[in-house]
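Below is one structure, written out as structure tokens; the observations come after it.
The values are calculated or read from the model by the stated rules, or taken from the named source; none is laboratory data. Bear in mind the structure is a predicted one, so any value in this text is a computation, not a measurement. Note that each Cβ is placed from the backbone with ideal geometry, even for glycine, and that neighbours are counted across all protein chains shown. Note: accessible area is taken over every heavy atom of the protein model, side chains too, but ligands, DNA and RNA are not part of it. Shrake-Rupley method; radii C 1.70, N 1.55, O 1.52, S 1.80 Å.
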Amino acid sequence: MKTIVKKINEENMEAGCLQEAVSILQRKGLVAIPTETVYGLGGDALDAEASKKIYEAKGRPSDNPLIVHIAEVDSLGELTKEVPEKAYKLAEAFWPGPLTMIMQKSDNVPYGTTGGLNTVAIRMPSNKIALELIRESGVYIAAPSANTSGRPSPTKAEHVIEDLSGKIDMIIDGGAVGIGLESTIVDLTGEVPMILRPGFITKQMLEDVIGQVEVDKAIIAKSVDPSLKPKAPGMKYKHYAPKAELTIVEGAEQAVVDKINACAKQKMEAGYQVGVIATDETFARYEASIVKTIGSRYDEEQIARGLYAILREFDEQQVDVIYSEGFAESNLGQAIMNRLLKAAGYHVIEV
Ligand code: TXA
Ligand code: MG
């Protein structure tokens, strides 16, 4: 299949620029779209055949449900059995934006979209291209991240082209995303709302609006604990992973630098290409085959934005092993460390 790639400027969209994408979605094809979090691989959420194509293109296990993207809060009525009061409050506070809510699904949503579950994940993205495409097509867009299953999520159209060119109908290039990590997922089907995946919208931000919120224990664990099964099916996979073996080194700043340099030296002497994910504060102190800075360690938003791209760059440069500094787990840091730990298969050295 030949994949059409089309550049569209979110801030300056020409009339009719989405027409091709609209007609592809309406005839149940697949279009990769920019969102504010990561690029998504979109298809008609209410059509089981379109969902099936999404799973095939990504090589995604079919028990891993998709997120349904909407453009109006009113759409909740059509997609869910009932809308909890807290959902309206959260929608009011955070939509359009990087928050996904889980509710009981209505019969309109096929099991092919929800991975066989009776619940459905719903999000209203803030990216203007995504919103306009949902409105113009009249299609609720099911969209997982637009990467091959298991690879880091795409934060630029180039990443989507790398993974999915030739496998889908179209890729909309809307430039680099703003946030860089997938949306926060909150499950509203239980007594107390529960975060199933941390993201830009933090626990504190949710609690300010709806009171007590829990966090799925499996996602804050520092190691793989087989007794803790993540409640979001997708969180159980080793995920977000680069091809190289990634190790996180945590501890006091200079001790971390010394440890990473010692490990890198050993690996390089054994003939391996070694990459280091440094920060602006430590960059100059490393010696390895390739050292990249992810930005200042005090700028969490910059780290989030750059994380997946750095992992992909190292893949391209064919390093064999990567060492990364660890990051503080306050605010957005919890989401950053969640993704980094998964990418590392929970391989952490404490110094
Ligand atoms: O920011 C995002 O959320 C991006 C953009 C494209 O919107 N999408 C995204 O989708 O990250 P995906 O498919 O890569 O991740 C969806 C996650 C998976 O971990 C999946 O298991 C979980 O959401 N999920 C979806 N429906 C669920 C449900 N009904 N119950 C529990 N978890 C669910
Ligand atoms: Mg994903």
Single condition LEU99 does not satisfy, out of (1) out of contact with any Ser or Thr (no Cβ under 7 Å at 6 or more places or on another chain); (2) open to solvent by less than 60 Å² (accessible area, probe 1.4 Å):
(1)
Among (1) of a type outside the set (Val, Ile, Thr); (2) modelled with pLDDT of 95 or more; (3) surrounded by 22 or more Cβ atoms within 10 Å (Cβ to Cβ); (4) closer than 25 Å to ILE201 by Cα, there is one condition ALA343 misses while meeting the rest; what is its number?
(2)
Evaluate the following for LYS89: is it open to solvent by 10 Å² or more (accessible area, probe 1.4 Å) and either among the charged types (D, E, K, R) or within 16 Å of ligand 2 (Cβ to nearest atom) (or both)?
yes
For region 12-56, name all the residues that are in a helix (DSSP H, G or I), more than 25 Å from LYS105 (Cα to Cα) and of a type in the set (D, E, K, R).
GLU20
Conditions first: (1) closer than 16 Å to LEU188 by Cβ; (2) crowded, with 24+ Cβ neighbours inside 10 Å. LEU79 passes all but one, so which condition is the exception?
(2)
In region 70-189, which strands (runs of 3 or more DSSP E) lie fully inside it and hold 2 or more residues that are under 25 Å from GLN19 (Cα atoms) and either in the same structural domain as ILE54 (by TED's automatic domain parsing) or at pLDDT 95 or above (or both)?
119-123, 170-173
Enumerate the pairs (first residue in region 299-314 and over 16 Å from LYS342 (Cβ atoms); second residue anywhere and in a helix (DSSP H, G or I)) with beta-carbon separation below 6 Å, excluding pairs fewer than 6 apart on the same chain, so at least 6 apart or on different chains.
GLU300/GLY333
Looking across region 140-156 at residues that are over 12 Å from the mean Cα position of the chain (by Cα) and within 11 Å of ligand 1 (Cβ to nearest atom), the single one that is surrounded by the most Cβ atoms within 10 Å (Cβ to Cβ) is ALA142
